[in-house]
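Engineer: Sharing a structure with you now.
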Amino acid sequence: MDNGDWVHRMTTPITLNVGGHLYTTSLSTLQRYPDSMLGAMFRGDFPTTRDSQGNYFIDRDGTLFRYILNFLRTSELTLPVDFAETDLLRKEADFYQIEPLIQCLNDPKPLYPPDIFEQVVELSSTRKLSKYSNPVAVIITQVTITTKVHSLLEGISNNFTKWNKHMMDTRDCQVSFTFGPCDYHQEVSLRVHLMDYIMKQGFTIRNTRVHHMSERANENTVEHHWTFCRPAHKVED
């Protein structure tokens, strides 16, 4: 294999189905730590399983795999401030045999100084797709923003007045705005503008994920999620 073929192979996107959650990454990321289970798996030392769509299938916790994959990408462990599943993540790290991640979980260091905390915004896009139309038709879409940062929600409420939306309180003092229903092109335009607005407020994308569900015989639901974070100073009571 010449150098050009090797580079192409290492950078070609690979999609993994981890417990029903789909993740797309590169071979070079999966082989970041050659002695890990993923390094051995994609080196050909372990047998692999494919799902019905041809994606590599791993029967593990799909939600926690986002942190595994981000560690492979950056070699840094970054968790939300209120993360409460460290023991479960430690078990996943042990399963994948990623020694540097295991060390980080056993000897955690604070992400920010004591007077700094992390503000989080969750953006999700839900699309319901017809199974029987060709090409596949988008039946309905909606976009939801969830956060505790009420000033951000107020800004969104004032700047996105032409969109149908409703607000609801969720757990842990969070508030959600849901836009829609709207058609596919409206959803794409709205999502692009919302992401641009959020990032202009100082937030950066921490991670993304996609979840596929089949709720009815004639339609599929696809959910795209983005997590944005920014540091903020604690305010004394």
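The values are calculated or read from the model by the stated rules, or taken from the named source; none is laboratory data. As the structure is a prediction and not an experimental result, all values here were calculated from the model. Here the Cβ is made from the backbone with ideal geometry for all residues, glycine too, and neighbour counts use every protein chain on show. Ligands, DNA and RNA are stripped out before the accessible areas are found, and what is left, the full protein with its side chains, is counted by its heavy atoms. Shrake-Rupley method; radii C 1.70, N 1.55, O 1.52, S 1.80 Å.
Engineer: For residues in the stretch 50-68 being free of Cβ contacts under 8 Å to residues at least 24 places away in the same chain and open to solvent by 70 Å² or more (accessible area, probe 1.4 Å), which is farthest from Thr25 (Cα to Cα)?
Structural biologist: Restricting to residues being free of Cβ contacts under 8 Å to residues at least 24 places away in the same chain and open to solvent by 70 Å² or more (accessible area, probe 1.4 Å), the top hit is Ser52.
Engineer: Quickly run through the stretch 181-211 and pick out the residues that are touching a residue at least 60 places away in the same chain (Cβ under 8 Å) and assigned to a strand (DSSP E or B).
Structural biologist: Of everything in the stretch 181-211, those that are touching a residue at least 60 places away in the same chain (Cβ under 8 Å) and assigned to a strand (DSSP E or B) turn out to be Arg206, Asn207, Arg209, Val210, His211.
Engineer: Can you tell me how many residues within the stretch 222-236 are aliphatic (A, V, I, L, M), modelled with pLDDT of 70 or more and more than 22 Å from Arg191 (Cα to Cα)?
Structural biologist: Residues meeting the conditions: 1.
Engineer: Here is a follow-up. Of the numbered conditions (1) at pLDDT 85 or above; (2) open to solvent by less than 50 Å² (accessible area, probe 1.4 Å); (3) outside any helix (DSSP H, G or I), Thr178 satisfies every one except a single condition; which is it?
Structural biologist: All conditions pass for Thr178, except number (1).
So that you can scan it fast, the table gives a plain yes or no per residue for (1) part of a helix (DSSP H, G or I); (2) of a type outside the set (A, V, I, L, M); (3) modelled with pLDDT of 85 or more; (4) over 21 Å from Asn207 (Cβ atoms):
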position	(1), (2), (3), (4)
Thr48	no, yes, yes, yes
Gly54	no, yes, yes, yes
Arg66	yes, yes, yes, no
Phe71	yes, yes, yes, no
Leu77	no, no, yes, no
Asp82	no, yes, no, no
Arg90	yes, yes, yes, no
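Engineer: When you check Pro34 against the structure, is it in a loop (DSSP other than H, G, I, E, B), of a type outside the set (Val, Ile, Thr) and open to solvent by 60 Å² or more (accessible area, probe 1.4 Å), yes or no? Steps first, please.
Structural biologist: On the way: in a loop (DSSP other than H, G, I, E, B): yes; of a type outside the set (Val, Ile, Thr): yes; open to solvent by 60 Å² or more (accessible area, probe 1.4 Å): yes.
Judged against the criteria, Pro34 is a match.
Engineer: Here is a follow-up. Any residue at all in the stretch 13-21 that is of a type outside the set (Gly, Ala, Ser), without any contact (Cβ under 8 Å) to a residue 40 or more places away in the chain and part of a loop (DSSP other than H, G, I, E, B)?
Structural biologist: Within the stretch 13-21, none of the residues are of a type outside the set (Gly, Ala, Ser), without any contact (Cβ under 8 Å) to a residue 40 or more places away in the chain and part of a loop (DSSP other than H, G, I, E, B).
Engineer: Next question, about the same structure. Would you mind finding the one in Gly39, Gly4, Gly44, Gly20 that is closer than 16 Å to Tyr96 by Cβ and either modelled with pLDDT under 90 or open to solvent by less than 90 Å² (accessible area, probe 1.4 Å) (or both)? So that I can check it myself, show each step before the final result.
Structural biologist: Values: Gly4 fails: closer than 16 Å to Tyr96 by Cβ; Gly44 fails: closer than 16 Å to Tyr96 by Cβ; Gly20 fails: closer than 16 Å to Tyr96 by Cβ.
That would be Gly39, the only listed residue that is closer than 16 Å to Tyr96 by Cβ and either modelled with pLDDT under 90 or open to solvent by less than 90 Å² (accessible area, probe 1.4 Å) (or both).
Engineer: Please count how many residues of the stretch 76-87 are open to solvent by less than 80 Å² (accessible area, probe 1.4 Å) and either in contact (Cβ under 8 Å) with a residue 24 or more places away in the chain or in contact with a strand residue (DSSP E or B) (Cβ under 9 Å, 6 or more places away or on another chain) (or both).
Structural biologist: 4
Engineer: Okay, moving on. I want to confirm something. Restricting to the stretch 192-221 and keeping residues that are open to solvent by less than 40 Å² (accessible area, probe 1.4 Å) and modelled with pLDDT of 75 or more, which single residue is nearest to Phe65 (Cα to Cα)?
Structural biologist: From the stretch 192-221, those open to solvent by less than 40 Å² (accessible area, probe 1.4 Å) are 194-195, 198, 203, 207, 210, 219, 221; that's our starting set.
Narrowing the set further to residues that are modelled with pLDDT of 75 or more leaves 194-195, 198, 203, 221.
Details: Leu194: 26, Met195: 24, Ile198: 25, Phe203: 23, Thr221: 21 Å.
This residue is Thr221.
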